[in-house]
């Protein structure tokens, strides 16, 4: 009935029909090799560490995303996070599974929600994405992280401020698997992923790989 009363429009081009039309889906900026082996930034040729992550202490072994956080992909991610369009989780998971190779981890762990913000939104995109990817990759989803303290919004903060904001923000629950795939919706600076991965490592995880739907790109890379 909602589809009849409020016909869906493409989040990329606003054409009626579906939340992401075939044209916008095919033109999404997929992140394919060559990529930085560590943080997953697109590069001119394969490198072990790029300028974005060189010199940084990162607790995760690698980070990969399906699409660049721009254009239709940005509209999709924003609508999913801020407008509560829960069905977009399945679409995001399809795009990730199509683009990112299945990780070697034994379980999926999601970045835990901010309590107040999640209550306002009524849903939790990282947890939704983890559950959808768990079905596609046949991996268990483990609720292994909690927020250790409230966080200020990351939006609008510089790189150093983002790192300080999330330092010590996460704590592990018991039973963290030795190899973990950490799932989040968007990789912006890597600060949240690094802080969450650090908490998992402290709890005994030997290897943490990060997978997100979208990734902010800082041009140019090498």
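Since every read-out is calculated from the coordinates, none of them should be taken as a lab result. In this text, all values refer to a predicted model and were calculated from it rather than measured experimentally. Counting neighbours? That spans all protein chains shown, and the Cβs are built from the backbone with ideal geometry, glycine included.
Annotations
- Each DSSP beta bridge with both residues in the stretch 29-215 is either parallel or antiparallel, and the antiparallel ones are about 20%.
- Inter-centroid distance (Cα atoms) of the stretch 34-91 relative to the stretch 168-197, Å: 14
- In nm, spacing of pseudo-spin labels at residue 114 and residue 146 (7 Å Cα→C-beta vector): 2.0
- Order of 137, 45, 23, 80 - criterion: other Cβ atoms within 10 Å of each residue's Cβ, fewest first: 45, 23, 137, 80
- Likely footprinting exposure, 70, 140, 52, fewest C-beta neighbours within 10 Å first: 140, 70, 52
- Extended-chain gain in nm, criterion 0.36 nm per residue less alpha-carbon gap, residue 164 and residue 99: 20.2 nm
- Taking every C-alpha pair closer than 8 Å and separated by at least 6 residues, the mean separation divided by the residue count of the stretch 29-215 gives a relative contact order of 27 percent.
- Under the simplified labelling scheme, the residue 171-residue 86 pair shows an inter-label distance of 2.9 nm, with each label point 7 Å from Cα along Cα→Cβ.
- Debye-formula intensities of the stretch 161-201, expressed as log10 I(q)/I(0) at q = 0.22 Å⁻¹, are -0.73 (one equal scatterer per alpha-carbon, no solvent).
- Modelled label positions at residue 135 and residue 45, each set 7 Å beyond Cα in the direction of Cβ, lie 4.4 nm from each other.
- Förster radius 30 Å - calculated FRET efficiency between residue 123 and residue 13, Cβ distance, rounded to 0.05: 0.75
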